[in-house]
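Bear in mind these aren't lab numbers, they're just calculated from the coordinates by the rules spelled out. Since we're looking at a predicted model, the values are computed, not measured. Here the Cβ positions follow ideal geometry from the backbone for every residue, glycine too, while neighbour counts run over all protein chains shown.
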Amino acid sequence: MPVQPLLYNTILSNRCIMTKLFFSAVLMLLFFGCATKEAAKTTRDEKTKNTKKINADDALKNGIEAYKVRDYEKAKSSLHKATQQKLSKSNLVSAHKHLAFIYSIQGNADEAYKEFSKAFKLDKKFKLDKSEAGHPAWTPSFQWAQKESALINAKGSELFDEGKDYYSKRDNTNAIRSLEAAVSKEDLKTSRKVEAYKLLAFIYAVDRNPAQAKLAFKKAFGLDNSFQLDKSEYGNPVWTPLYDEVKKQFQKK
């Protein structure tokens, strides 16, 4: 057998083996390099997450401490920063509560109400501590938000009964609030919605708001085109003309 061809084949075979080993080594380096980068990225993400949590908790703590020493602008800045990050529900409620206190002290009842409302949205059972309850600065805003929260979470039938009770006591402001909330509830029966709109029409008519009174009558007719006033109600000089006007419009349709 000739020596040169044998030598050539041996060299060629060795080259193939070396090439395979080279590419295998390259692939292993690429694999371990990617794995190392991914591990490093995961570690960085975990550190960032923990840092954000620490920053949020620190911001809340700093805000409350600033509030206690009456540095209200610093307190607001820290507390707002805390609410924009991930906090536990109880801590987030605390942040909104203290913001409400600050806005109340500064005479901004609307912003105080908004912050209390955010607290109630997070926790419908939210309440003030004994040392906080009854404070003249924030109690009105707290009670306002508390009532609104109760309306949102109450059943339609409860709101209807409440509104009807307010109406009988001639507390028109609270009657409107409860009845308007009642008709927005899907669980309230149609017959009760019709009655709620009727009472709303009466209230608006008495309050000299004929446009709203007619709108309420229209909504009652929209739910029940045979809707009519009771004998004891029809003939009242305040709302009967408005009722008749709306009734004629529906009879023409």
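A DSSP coil position with no more than 16 other Cβ atoms inside 10 Å describes the following trypsin sites (Lys or Arg not before Pro) in the stretch 169-219: Lys169, Arg170, Lys189, Arg208.
Its Cα gyration tensor gives the stretch 138-253 an equivalent ellipsoid, and the semi-axes of that ellipsoid, as √(5λ) in whole Å with the largest first, are 27, 16, 11. Going by neighbour counts of Cβ atoms within 10 Å, the residues Val194, Val206, Val183, Val69 line up, fewest first, as Val69, Val206, Val194, Val183. A straight line joining the Cα centroids of the stretch 123-140 and the stretch 186-253 runs 39 Å.
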